[in-house]
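The values are calculated or read from the model by the stated rules, or taken from the named source; none is laboratory data. Not measured: the values here are computed from a predicted model. Reconstructed Cβ throughout: ideal geometry from the backbone, glycine too, with neighbour counts over all protein chains shown. Heads up: the accessible areas ignore ligands, DNA and RNA and are worked out on the full protein's heavy atoms, side chains in. Shrake-Rupley method; radii C 1.70, N 1.55, O 1.52, S 1.80 Å.
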Amino acid sequence: MGTPEHSKPGGPEEVRRLADALRQVSAGRRLTFMEVCGTHTMAISRYGLRQLLPQGIRLVSGPGCPVCVTAMRDLDTVVALARLPEVTLATFGDLVRVPSSSSTLAAERAQGADVRVVYSPFDAVELAATRPDRQVVFAGIGFETTAPAVAAAILDGARRELTNFSVLSLHKTMPAPLRALLDLGETAIDGFILPGHVSVITGSLAFDFLAREYGVGGVVAGFEPADVLAALVRLAAQREPAVAIEYTRAVRPEGNTLAREVMSQVFEPSDAEWRGLGTIPGSGLVLAPAFRQFAAEERFSVDPGPSREPRGCRCGEVLRGLIDPPVCGLFGKRCTPEQPIGACMVSSEGACAAYYRYRDIGE
Amino acid sequence: MCLAIPMRVAAIEDQMATIESQGLTQRVSLLLVPDARVGDYVLVHAGCAIAVLGEQEATETLDLLREVLAFEDREEAGEFEDHGDS
């Protein structure tokens, strides 16, 4: 108390000061920084941070929105599961409107499928416990932030010996796609704004390889405008590439070791397909042998058939940071948040949705 | 998706915390942060506490979250409606 509103930490005065600092340290250089977290994508557009940047600095979005990077074939499997008459499909709200090859969960629900939006995987466990007559399938998406919570819910389901609860794990891990992007070498990236809440679990050490092996720096950032700008100042000021933490309020170099143990007790790494990046070895999480009885893909045999990408959708290039959303011919014309064609326009964290919603102006 | 919100632990029973935030209470698993104590602020995501925060750090984040929420409320009320073509 007693501090004027505008000069509080993170307030407008600090934001202005950081923007000035960024101008000084970047000294007119042309630098491209990539964020790889949907919440950062949204924050950058919402707070209009691009308008505060010096001219040479460009911000691009990477594969950081879990809904957006989910492969079409996996979305088709989710829809096919929802169509089974005995199944109650529970998932996070983000997934409900995402177009699969031929439908969405929302459309299936309108036609009678039992699709429930839950806020936590524990709600799905609870649903299974109260509805023994239904097979509750939780469609799990998300990175390391979310996977431990889903693992904890599966442990809860196991403890309660629920036989009508299962999980379709579409979880993915974050360091792998950054490696894949750098290996592709098609996007010139001078540094990464690293995901804050993924790093709460993984720790910043999980990203050290960026500097060590690729010579690209990274700063783990929080989600306020001042956090993002402070991360950019630190990236621009780096003389030697390094991985550092700006979001010290919540992130430690070693992360949450216990959460990672729970995650690796319940899940094991698998190859996973990413929209825009293809199959990345070891970047997915499927149920470990001891928990296989909770794997929805084994309990139900569904054949989603061949998958189809929407014509003209350039989501894949957006996710690799190759183009800004307005470059896509569908953006804002045939593809809008009300009538989305691609996944990046559906999720509020998708780069296209963030650009559209806040009428973000690129460079 | 990866949004996590600081909340204060009001009570603990069997690794489940009762959490209060903005006048609402909810139950949250402490499996991933067993060291959390009553009165601590924890970062909550998908029904799980994933980190314990210092009080000052938590309230700073909460202040900023409130600003964001206030912005969203006004936005929903149409105050920032943009009718121009983009």
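Enter the buried accessible area of the B/A pair, total of both sides, probe 1.4 Å, in Å² rounded to the nearest 100. Intermediate values should be presented prior to the final figure.
Details: alone 6260 and 15680 Å², together 19090 Å².
So the buried area, both faces added, is about 2800 Å².
With every protein chain kept in place and ligands, DNA and RNA left out, what is the accessible area per residue of region A:158-271? Probe 1.4 Å, answer in Å². Provide the component values of the computation, followed by the final result.
Details: 4180 Å² over 114 residues.
Per residue, region A:158-271 has an accessible area of 37 Å².
Kindly identify residues of region B:1-39 having a loss of at least 50 Å² in accessible area between the isolated chain and the assembly of all protein chains, probe radius 1.4 Å.
B:Met1, B:Cys2, B:Leu31, B:Leu32
What nm value, rounded to one decimal, do you get for the distance between A:Ser102 and A:Glu240 when each label is placed 7 Å out toward the C-beta?
Between A:Ser102 and A:Glu240, the label points sit 5.8 nm apart.
Could you give the nm distance between label points at A:Arg30 and A:Arg160, where each point is 7 Å from its Cα heading toward the beta carbon?
5.7 nm
What's the percent breakdown of Cα-Cα distances in region A:150-198 across 5 Å bins, shortest bin first?
5, 14, 18, 14, 11, 10, 10, 9, 6, 4, 0
With just the Cα atoms defining each centre, how far is region B:21-37 from region A:218-281? Give it in Å.
Cα centroid to Cα centroid, the span is 24 Å.
Within 10 Å of each candidate Cβ there may be at most 15 other Cβ atoms; applying that plus a DSSP loop requirement, which trypsin sites (Lys or Arg not before Pro) in region A:157-196 survive? If you can, show how the numbers build up before the last one.
Details: sites: A:Arg159, A:Arg160, A:Lys172, A:Arg179; in loops: A:Arg160.
Here the sparse-neighbourhood loop sites are A:Arg160.
Based on the Cβ-Cβ distance from A:Gln111 to A:Arg17, what FRET efficiency comes out when R0 is 56 Å, to the nearest 0.05? Display every interim value, and only then the final one.
Values: r = 55 Å, r/R0 = 0.97.
FRET efficiency, A:Gln111 to A:Arg17: 0.55.
Enumerate by residue number the GluC sites (Glu not before Pro) in region A:224-268 meeting two conditions: DSSP loop (anything except H, G, I, E, B), and at most 13 other Cβ atoms within 10 Å of the site's Cβ.
Answer in residue order: A:Glu254.
Roughly speaking, what is the stretch gain from A:Asp303 to A:Tyr119, that is 0.36 nm per residue apart minus the C-alpha to C-alpha distance, in nm to one decimal?
Full extension of this stretch gives 63.4 nm more.
For a Förster distance of 30 Å, can you work out the FRET efficiency between the beta-carbons of A:Lys333 and A:Gln51, rounded to the nearest 0.05? Don't skip to the answer; put the middle values down first.
Details: r = 24 Å, r/R0 = 0.80.
Rounded to the nearest 0.05, the efficiency is 0.80.
Within region A:280-319, which residues have the backbone N less than 12 Å from the label spot 7 Å out from A:Arg179 along Cα→beta-carbon, could you tell me?
A:280-284
Using a loss threshold of 30 Å², tell me which positions in region A:117-132 are less accessible in the complex than in their chain alone. Probe radius 1.4 Å, ligands and nucleic acids ignored.
When all protein chains are present, A:Phe122 each give up 30 Å² or more of accessible surface.
Sort all Cα-Cα distances of the protein assembly as shown into consecutive 20 angstrom bins from zero, then give the percent of pairs in each bin up to the one containing the longest distance.
Here the calculated profile for the protein assembly as shown is 25, 60, 15, 0.
What percent antiparallel are the DSSP beta bridges of the protein assembly as shown, to the nearest 5? Before the final figure, lay out each step's value.
Numbers: 29 of 61 bridges.
Around 50 percent antiparallel, to the nearest 5.
Under a plain spin-label model, where a point goes 7 Å from the Cα along Cα-to-Cβ, how far apart in nm are A:Leu84 and A:Ala188?
5.0 nm
For region A:149-201 and region A:34-58, compute the distance between their C-alpha centroids and round to whole Å.
The distance from the Cα centre of region A:149-201 to that of region A:34-58 comes to 23 Å.
Taking amide hydrogens as modeled 1.01 Å from N in the peptide plane, which residues meet the under 5 Å criterion relative to A:Gly217, leaving out close sequence neighbours?
Result for A:Gly217 returns A:Phe192, A:Ala242.
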